[in-house]
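Taking it in order: structure first as structure tokens, then the write-up.
The values are calculated or read from the model by the stated rules, or taken from the named source; none is laboratory data. None of these values were measured; they are calculated from a predicted model. Heads up, the Cβs are rebuilt from the backbone with ideal geometry, glycines too, and the neighbour counts pull from every protein chain shown. Accessible surface is based on the protein model in full, side chains and every heavy atom, while ligands, DNA and RNA are left aside. Shrake-Rupley method; radii C 1.70, N 1.55, O 1.52, S 1.80 Å.
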Amino acid sequence: MFTTVLMIEKPLVPTDVEMVGTLHGEEDVTFFVLMQPRGHQDRLLRALDDVALGELEDAVREADEPEGDEAGQPARVALEHSVRSLRELGFGAEGRVVDSHPLDALTAVVEEVGADEVIVLTAPHFVEEFFHRDWASRARHRVGVPVLKLFAHSE
């Protein structure tokens, strides 16, 4: 049994589920999904990433993203969808919404479930990645297991 902690910031789409599900071939994999509510991230960094990607309309709408407690319900729905999608393809899957610092939560879950690896599946975050402040870069120094960074797909 191989245990993967999957850190996400938006619901998994079918392409994402297939991608993470086929990484280990026929090996029996169980996923523990951590969902980071988007509103908990720095609004300025999100807007800069949108501009870098040429998505100016998204940058303008960053102020409309729910934050704090308002971000919790959309995150729970996204998490439920993602866990259900993994289970529908035959994988064991559980999950939790991150309501504290994401790297602290990630480190705790890796220890709690005895994870073999971490997959960080996010949209590109050019500013954070340039300065190695993205989740994957920072997690590599904290969790004690291999960390793979993949870019999430959009529907």
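On the basis of being under 19 Å from residue 22 (Cβ atoms) and at pLDDT below 90, does residue 121 make the cut?
Taking the combined requirement at face value, the residue satisfies it.
Being at pLDDT 55 or above, hydrophobic (A, V, I, L, M, F, W, C), part of a helix (DSSP H, G or I) and surrounded by 14 or more Cβ atoms within 10 Å (Cβ to Cβ): is that true of residue 48 here?
No: the conditions fail for residue 48.
Being surrounded by 19 or more Cβ atoms within 10 Å (Cβ to Cβ) and more than 16 Å from residue 36 (Cα to Cα) is the filter here, so list the residues in segment 9-23 that pass it.
Hits for segment 9-23 are 16, 17, 20.
Show the residue pairs meeting these rules: Cβ distance below 7 Å; 6+ apart or different chains; first residue within segment 84-97 and more than 20 Å from residue 27 (Cα to Cα); second residue open to solvent by 40 Å² or more (accessible area, probe 1.4 Å).
Listed by first residue and then by second, the contacts come to 97/76.
Are there any pairs, at least 6 apart or on different chains, whose C-beta atoms fall under 7 Å, with the first in segment 69-81 and over 18 Å from residue 16 (Cβ atoms) and the second modelled with pLDDT under 85 and in a helix (DSSP H, G or I), and if so, which?
As it stands, the answer is 70/39; 71/38; 71/39; 71/40, since those pairs meet every condition given.
Taking segment 24-39 only, how many residues are modelled with pLDDT of 95 or more and either among the aromatic types (Phe, Trp, Tyr) or open to solvent by 50 Å² or more (accessible area, probe 1.4 Å) (or both)?
Summing the residues that are modelled with pLDDT of 95 or more and either among the aromatic types (Phe, Trp, Tyr) or open to solvent by 50 Å² or more (accessible area, probe 1.4 Å) (or both) in segment 24-39 gives 2.
When the residues of segment 53-104 are filtered to those that are part of a loop (DSSP other than H, G, I, E, B) and aliphatic (A, V, I, L, M), which remaining residue is modelled with the lowest pLDDT?
Step by step, filter segment 53-104, then rank; the result is 53.
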